[in-house]
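Here's the structure we're looking at; comments come further down.
The values are calculated or read from the model by the stated rules, or taken from the named source; none is laboratory data. Given the structure is predicted, the values throughout are model-derived calculations rather than measurements. Every residue, glycine among them, receives a Cβ derived from its backbone with ideal geometry; neighbour counts consider all protein chains shown.
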Amino acid sequence: MGFALPLTLFFLLGLHTASQFFTVAVSAFLAWGVSDLLASILERPRLQDRSPGRALREDLERRQNE
């Protein structure tokens, strides 16, 4: 998938040089990284009527108990 998507975009956009291919590949890689980071942030539970400081303390206590 990491090679197929940039290669497909390269041909569909009618690009011709290796530098254009690498530009498409790097752009796709960065977009994947940013979307993965945002997904990991969004999957965390909400504060659930707690202050941010209290939520962090409870999270640290829970990890120490494990």
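Here are a few things to note about the model shown:
- Among residues of segment 1-18 that are among the small types (Gly, Ala, Ser), those with a Cβ under 9 angstrom from a residue that is at pLDDT 90 or above, sequence gap 6+ or separate chain, pair up as Gly2/Ala25; Gly2/Ala28; Gly2/Phe29; Gly2/Trp32.
- Residue tally, condition exposed (fewer than 10 other Cβ atoms within 10 Å of the Cβ) and either of a type in the set (Lys, Arg) or touching a residue at least 12 places away in the same chain (Cβ under 8 Å) (or both), over segment 33-59: 2
- Test for Arg54: is it over 22 Å from Pro6 (Cα atoms) and not in a helix (DSSP H, G or I): no
- Only one entry of Leu5, Leu30 meets the criterion of being surrounded by 10 or more Cβ atoms within 10 Å (Cβ to Cβ) and within 14 Å of the chain's Cα centre (by Cα), and that entry is Leu30.
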